[in-house]
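See below for the structure under consideration.
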Amino acid sequence: MDFYLSTSIDAIDRSHIYHFLRACIFQSSFSSPVEDKLIQGCKVLDIGCGAATWLLDLSNKYENSYFYGVDIKPVYPQEIKPHNLEFIEADVTDRLSFNDDEFDFTHVEFMSFVFTPNQWDFVLSELIRVTKPGGYIEVAGRRNGYVGEGPIFRKLTDASNYIHCF
């Protein structure tokens, strides 16, 4: 599979800005009810981690948890990373190398346009396979269009569209 998103410094900077803008607006970097697990210590998987902004932020906040980032291209930091974070270069459409029921929280973001419907079927089955019973799978991203979004989401999307113009 080809890498879909830009790996330019500007694109990576925009993804960092978008992450922190969204986290500020929503007062969280996730919507699943996993904060207690993250504080106590759990295993977290991020598919399509890119430059790893989400992982770096959470791995610094939740030092008792262990984080894994998977991406088809090694855009993530090679040298500097927290002790509780590991990056793996892999194509999720080829099957994940993790055991069944390994993760408490599995996260996918900004991948809505990357996979075909058939690939999504496989990717979601893989996420279910590697996530523990009672664990959480969070699929997040942006849409191109405004059907039923509230005013806060609209402000966030408008702000991120403005950021993308730089």
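For L85, the residues 5 or more places off, or on other chains, whose built amide H falls under 5 Å of its own are F67. Other residues with beta-carbon under 12 Å from the beta-carbon of F103 carry, at +1 per Lys or Arg and -1 per Asp or Glu, a net charge of -3.
The chymotrypsin sites (Phe, Trp or Tyr not before Pro) of region 62-140 that meet both conditions, a loop assignment by DSSP and at most 12 other Cβ atoms within 10 Å of the site Cβ, are F113.
Laboratory data are not the source of any read-out in this text; all were calculated from the coordinates shown. What you see is a predicted model, and the numbers here were worked out from it, not measured in a lab. As a convention, Cβ positions derive from the backbone with ideal geometry for all residues, glycine included, and neighbour counts pool all protein chains shown.
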